[in-house]
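Structure first, commentary second.
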Amino acid sequence: IGLKCGFQDSLFVLNDLPHSTFSQFVDNCFNEIKPVVAIDTVVCENDTVHFQVDSVAMATGYQWVINDSAVITLSGNSAYYIFKNAGAYEIKLNVLFDCMDTRTKTYKVYVNDGAQVSIAGDSSLCTGDSIILTASGNALSYLWNNGSTNNTLSVTQAGNYTVTATNNCGSKTETKTI
């Protein structure tokens with residue numbers, strides 16, 4: 001038949017086609033879907049993500065579904081969703097076709113935690129001794145208030161020791177008093 005997905009007048013030709021031919025046409029068009037999910041680098045908790053797909057010929061509607069329950073607010077063939085929690089999310093794109101079929105494609109989005117940090121080590125120090133403070137969490141880097149970038153810090157005097165942990169989703173600061 002030689003129908004193309006972007007052919008504007010194909011609706012009139014397809015009205016007279018048998019259902020199996022129409023379904024094959026829909027499948028061919030559906031297989032051409034190339035979704036654009038605006039997650040260029042990292043998706044973090046509380047990020048708003050924009051989902052978009054190029055218009056599909058003969059589609060009558062689009063539905064984006066998160067983890068089989070939350071329907072995303074739609075605006076034509078695009079949607080926005082705020083990821084409140086870290087974890088793996090299954091995104092389903094349902095493409096609706098006039099009274100005949102629905103096709104579904106499934107994608108995964110991984111949402112990362114914000115930076116977390118805690119400081120382990122003794123809180124008391126005797127004169128002449130030293131203790132090791134250890135920063136731990138999901139950070140890619142650490143910065144102590146003395147400029148050190150290691151996750152451990154040797155302490156020889158009393159005071160406040162602060163570390164800032166940073167990952168792709170932000171930073172968090174923790175202080176320990178010795």
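Read-outs: derived from the displayed coordinates by stated rules, not from any lab. Treat the numbers as computed from the prediction; the structure is a model and nothing was measured. Here Cβ is always computed from backbone atoms with ideal geometry, including for glycine, and neighbour counts include all displayed protein chains.
Extension gain, T60 to N46, is 1.9 nm, computed as 0.36 nm per intervening residue step minus the present C-alpha separation. Label positions at T127 and T102, each projected 7 Å from the Cα along the C-beta direction, are separated by 7.7 nm. Placing pseudo-labels 7 Å out from each Cα toward the beta carbon at Y80 and A158 gives an inter-label distance of 5.3 nm. Can you check what the net charge comes to around A86, using other residues whose Cβ is under 10 Å from the Cβ of A86 (Lys, Arg +1; Asp, Glu -1)? Around A86, the charge tally is -1.
Which shape class applies to region 89-140: rounded if a/c is under 1.5, otherwise prolate when a/b exceeds b/c and oblate if not, where a ≥ b ≥ c are the square roots of the Cα gyration tensor eigenvalues? Prolate, because a/c is 1.5 or more and a/b exceeds b/c.
Excluding L143 itself, what net charge comes from residues whose Cβ is under 13 Å from its Cβ, given Lys and Arg +1 and Asp and Glu -1? With Lys, Arg at +1 and Asp, Glu at -1, the neighbours total 0.
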